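K.L.:
Quick one: the structure is below, questions incoming.
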Amino acid sequence: MQISNYVKILCLCWLCLATQPAHAISAITIDVDNIESEQGNVRNLKLRYQLSPVNAGAKQADVTLNAQFKPINEKIWSDLSLSCDRISLPAVMKKPATGSTSQQWGCEQGKLVTAHINAPFSFSLSLDQQHGSPQISASLNLKQANLSDAAGLHAGEKISAQLSAKATHSNNQWAWQAHLDWLAGEAFWQPFYFASAGHSLQASGVLNAQFLNVDAAELSLKNVGKASFSGQWRLGDNTLQALTLSAPNLDLEALYPLLLKPLLEKTSLDNLEMAGNASLQLTIQGSQPTAFLLDLDNVDVDDKDHRFALYKLNASIPWDYDEIKNARLTYAGGNLLKVPLGPASIHVELNRYALTAPQVTLPILDGALNLADVSAAWANNEWHWHLRANVVPIDMVELSQALGLPRMEGKVAASIPLVTYSAGQLGVDGEMGFNLFDGSILVKNLAMQTPLGSAPRLTADMQMRNLDLGALTRTFAFGAIEGKLDGDVSNLQLVNWKPVNFDADFHSSDGRYPKKISQRAVENISALGGAGAAAAIQRSFLRFLKEFNYQKIGLSCKLRKDVCEMNGVESTGQGYVIVKGSGVPSITVMGYNHSVNWSDLLERIKRITTGNVAPIIK
């Protein structure tokens, strides 16, 4: 049940009271079986009020009204109770000098009660006639009112508010003024929650049969700031026809949780902390935005989910439907997925619903991400964009620490071909190349859905060639392996950055090069695939040797439904070979478990890389 329907039904009931002759009687009782209207029905209406003279011909009444009502689109009848002690029912007052007449109505102690409303109130109403022009003045005070609806979309608790309004009728329209002060209480009005009062609105304008015109208005939000506006609302189809708004000084720390966060629900911007100030100017004509200007002053934006942050953000973003505008944005620093960002200055061109920038440089640690051919457009209520990029070499020591990875040596550089984004889907046209561990890594068929959303999805294929096993094993504290490694990962799928599907195969690179493996590395490999090799080392003279020769190394995993189907360089009757020995001394490492729970395997790898693995002897 919409709260607005309560008001409509109440007006029907109040009409019964207002239309009864109260000039020569002291008490009135009204019983009505049924009232039907376009808004809904009322039944079993019982109205009782007792009149008593007060002074100067005025009268006073105690009124009670009980009824059941049902909005036109609902099936359930609801109870309604309206009471008002000391209603003022004056006689008509006439001023001979001006020919004006006046009636003053009032209710000092009123209360409206339904299944979803408990609202103590008082009100006053003045009806005037001056030179043939009707005037209405009214005031309403709510006192600790509780409101809600059956759907749970609207609610208020202990609401105290004052509303005053005045209107004069002339030339088939009403010139009006209104002032609203919210004094106490909290309210939820889907999707907004107001935890405290202190807000106010004052406005004036004209009402006619076609339009509600707001000529001047000022909205004051406690701790946020003020906004002045004017506009026009078309009554026939309930559409906003025009709006001019100016909010020169808004506190974003208070504005974000109050208004922005509810509007950004289920987006990448729905869990932020903000500080700083903003100003906004907005113009709407013919129900469409035609111009705005957004300025940001020393704004800090920090994602609570640790995906991104920008600090000391300053911006001037003008936009016009008919004119090309240039926007600028600068920030002193920040981070993206925990990678530190250096200060940057960005300039873009805005042409209606399109944005272009020929070159953008974003400093990252000691390197940078260079973006070129940046183009974005808003169409069909979605963003569509594309760009090209390359990574200026970044120190891997700092980058690995920032990402929470084991310490990596060297530099990483990359060339990124055309990247496109449309309808929440990010894709790469071509291969992304990286130089790492003295080898090369190619990422192919990269695609992402909602990359900054709450549950991003990534798919890709990867090809690794000639990675230095010495640098790789030193980085991950695996034990020393000398040689080179190739790897292929196909059908990779990540959900919220966690693997859920892939086909991975890692094996020795082709070619001639030294191939050595330490006893510690053998123990760690055996912990992944089985304990047989570790037992052999512990029970023979091999335990006195620090390293062994090998011919080839290989390990594969097909991940499906949290289970990894494992294999090696070749299969045997008992299992599979992970390390195949060669020469003297040599050792062969076997794996015996083909099916391994993925979570268990990750835990094993974690123990290995932190040096906590001890071989299991059987």
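The values are calculated or read from the model by the stated rules, or taken from the named source; none is laboratory data. Note that this is a predicted model, so its numbers are computed, not measured. FYI the Cβ positions are ideal-geometry reconstructions off the backbone, even for glycines, and counts take in every protein chain you see. To get the accessible areas, we keep the full protein, side chains included, count just its heavy atoms, and leave off ligands, DNA and RNA. Shrake-Rupley method; radii C 1.70, N 1.55, O 1.52, S 1.80 Å.
K.L.:
Being modelled with pLDDT of 95 or more, in contact with a strand residue (DSSP E or B) (Cβ under 9 Å, 6 or more places away or on another chain) and open to solvent by less than 30 Å² (accessible area, probe 1.4 Å) narrows it down to one of L329, L313, so name that one.
P.N.:
L313
K.L.:
Further, regarding this structure: Has the stretch 213-230 got any residue that is hydrophobic (A, V, I, L, M, F, W, C), under 24 Å from N141 (Cα atoms) and touching a Lys or Arg at 6+ places or on another chain (Cβ under 9 Å)?
P.N.:
If we filter the stretch 213-230 for residues that are hydrophobic (A, V, I, L, M, F, W, C), which is where we start, we get 214, 216-217, 219, 221, 224, 227, 229.
Among the residues that remain, those that are also under 24 Å from N141 (Cα atoms) are: 214, 216-217, 219, 221.
Now narrow it down to the ones that are touching a Lys or Arg at 6+ places or on another chain (Cβ under 9 Å): 219.
Yes: the stretch 213-230 contains one or more residues that are hydrophobic (A, V, I, L, M, F, W, C), under 24 Å from N141 (Cα atoms) and touching a Lys or Arg at 6+ places or on another chain (Cβ under 9 Å).
K.L.:
Now, a different point. Select, from T420, T356, the only residue that is open to solvent by 30 Å² or more (accessible area, probe 1.4 Å), more than 21 Å from S268 (Cβ to Cβ) and polar (S, T, N, Q).
P.N.:
Step by step, each of T420, T356 is checked, and only T356 is open to solvent by 30 Å² or more (accessible area, probe 1.4 Å), more than 21 Å from S268 (Cβ to Cβ) and polar (S, T, N, Q).
K.L.:
Using the structure shown, decide if S345 is surrounded by fewer than 17 Cβ atoms within 10 Å (Cβ to Cβ) and touching an Asp or Glu at 6+ places or on another chain (Cβ under 6 Å).
P.N.:
Working: surrounded by fewer than 17 Cβ atoms within 10 Å (Cβ to Cβ): yes; touching an Asp or Glu at 6+ places or on another chain (Cβ under 6 Å): no.
It is false that S345 is surrounded by fewer than 17 Cβ atoms within 10 Å (Cβ to Cβ) and touching an Asp or Glu at 6+ places or on another chain (Cβ under 6 Å).
K.L.:
Sticking with this structure for a sec: Could you list, in sequence order, the residues of the stretch 390-443 that are in a strand (DSSP E or B) and small (G, A, S)?
P.N.:
A413, A414, S415, S422, G427, G433, G439, S440
K.L.:
Among what's in the stretch 27-53 and is open to solvent by 80 Å² or more (accessible area, probe 1.4 Å) and modelled with pLDDT under 80, pick the residue that is farthest from S102 (Cα to Cα).
P.N.:
E38
K.L.:
Mind listing just one residue for me: the one in the stretch 55-72 that is closer than 19 Å to S122 by Cα, at pLDDT below 85 and not acidic (D, E) and, of those, surrounded by the fewest Cβ atoms within 10 Å (Cβ to Cβ)?
P.N.:
In the first step, residues of the stretch 55-72 are kept if they are closer than 19 Å to S122 by Cα; the result is 58-66.
Restricting the remaining residues to those that are at pLDDT below 85 gives 58-63.
Keeping just the survivors that are not acidic (D, E) gives 58-61, 63.
Numbers: A58: 15, K59: 17, Q60: 18, A61: 22, V63: 21.
Across the stretch 55-72, the extreme among qualifying residues is A58.
K.L.:
Of all residues being at pLDDT 80 or above and touching an Asp or Glu at 6+ places or on another chain (Cβ under 8 Å) in the stretch 394-411, which is nearest to L362 (Cα to Cα)? Just the residue, please.
P.N.:
I394
K.L.:
If you check N208, N213, N271, which single one turns out to be open to solvent by less than 50 Å² (accessible area, probe 1.4 Å) and within 20 Å of the chain's Cα centre (by Cα)?
P.N.:
N271
K.L.:
Still on this structure, please answer the following. Can you tell me which of (1) crowded, with 16+ Cβ neighbours inside 10 Å; (2) within 24 Å of the chain's Cα centre (by Cα) is the one I364 doesn't meet?
P.N.:
Exception for I364: condition (2).
K.L.:
Also: Hey, S196 hits all of (1) in a strand (DSSP E or B); (2) open to solvent by 40 Å² or more (accessible area, probe 1.4 Å) but one; which does it fall short on?
P.N.:
It is condition (1) that S196 fails.
K.L.:
What do you reckon, is A209 touching a Ser or Thr at 6+ places or on another chain (Cβ under 8 Å) and closer than 30 Å to W174 by Cα?
P.N.:
Numbers: touching a Ser or Thr at 6+ places or on another chain (Cβ under 8 Å): no; closer than 30 Å to W174 by Cα: yes.
The answer is no for A209.
K.L.:
Can you run down the residue pairs with Cβ atoms below 6 Å, 6 or more apart or on separate chains, where the first is in the stretch 417-434 and more than 10 Å from A447 (Cβ to Cβ) and at pLDDT 85 or above and the partner is assigned to a strand (DSSP E or B) and of a type in the set (K, R)?
P.N.:
Close Cβ pairs (under 6 Å, with a partner that is assigned to a strand (DSSP E or B) and of a type in the set (K, R)) amount to L418/R388.
K.L.:
Return a yes/no flag: does the stretch 282-299 have any residue that is open to solvent by less than 70 Å² (accessible area, probe 1.4 Å) and closer than 22 Å to F192 by Cα.
P.N.:
yes
K.L.:
Take the stretch 554-593 and flag every residue that is closer than 21 Å to L492 by Cβ and either at pLDDT below 85 or out of contact with any Ser or Thr (no Cβ under 8 Å at 6 or more places or on another chain) (or both).
P.N.:
Of everything in the stretch 554-593, those that are closer than 21 Å to L492 by Cβ and either at pLDDT below 85 or out of contact with any Ser or Thr (no Cβ under 8 Å at 6 or more places or on another chain) (or both) turn out to be L555, S556, C557, K558, L559, R560, K561.
K.L.:
Restricting attention to the stretch 240-260, and to residues there that are open to solvent by less than 50 Å² (accessible area, probe 1.4 Å), of a type in the set (A, V, I, L, M, F, W, C) and without any contact (Cβ under 8 Å) to a residue 60 or more places away in the chain, which single residue is farthest from P289 (Cα to Cα)?
P.N.:
Step by step, filter the stretch 240-260, then rank; the result is A254.
K.L.:
Still on this structure, I have one more. Name the pairs whose Cβ atoms lie under 7 Å apart, with the first residue in the stretch 309-338 and on the phi > 0 side of the Ramachandran plot, the second in a strand (DSSP E or B) and of a type in the set (G, A, S), and 6 or more positions between them or separate chains?
P.N.:
Once the first residue is on the phi > 0 side of the Ramachandran plot and sits in the stretch 309-338, its partners that are in a strand (DSSP E or B) and of a type in the set (G, A, S) give G334/A309.
K.L.:
Further question: Can you tell me which residue is modelled with the highest pLDDT among those in the stretch 86-110 that are open to solvent by 50 Å² or more (accessible area, probe 1.4 Å) and touching a Lys or Arg at 6+ places or on another chain (Cβ under 9 Å)?
P.N.:
Only one residue fits best here, namely Q109.
K.L.:
When the stretch 375-386 is examined, which residues are found to be open to solvent by 30 Å² or more (accessible area, probe 1.4 Å) and part of a strand (DSSP E or B)? Let's see the steps before the verdict.
P.N.:
Kept after step one, since they are open to solvent by 30 Å² or more (accessible area, probe 1.4 Å), are these residues of the stretch 375-386: 375, 377-386.
Matches in the stretch 375-386: S375, A377, W378, A379, E382, W383, H384, W385, H386.
K.L.:
Looking only at strands (runs of 3 or more DSSP E) that fall completely inside the stretch 462-521, which ones have 2 or more residues that are surrounded by fewer than 20 Cβ atoms within 10 Å (Cβ to Cβ) and aliphatic (A, V, I, L, M)?
P.N.:
Here the list reads 484-495, 498-508.
K.L.:
A further question follows. Search the stretch 441-466 for residues that are within 19 Å of S422 (Cβ to Cβ) and modelled with pLDDT of 90 or more and pair each with any residue that is open to solvent by less than 70 Å² (accessible area, probe 1.4 Å) and basic (K, R) when their beta-carbon atoms are under 6 Å apart and the residues are at least 6 apart or on different chains.
P.N.:
Once the first residue is within 19 Å of S422 (Cβ to Cβ) and modelled with pLDDT of 90 or more and sits in the stretch 441-466, no partner that is open to solvent by less than 70 Å² (accessible area, probe 1.4 Å) and basic (K, R) comes close enough.
K.L.:
Hey, does the stretch 179-193 have a residue that's more than 31 Å from the chain's Cα centre (by Cα) and touching a residue at least 12 places away in the same chain (Cβ under 8 Å)?
P.N.:
Within the stretch 179-193 (the criterion being more than 31 Å from the chain's Cα centre (by Cα) and touching a residue at least 12 places away in the same chain (Cβ under 8 Å)), the answer is yes, since at least one residue qualifies.
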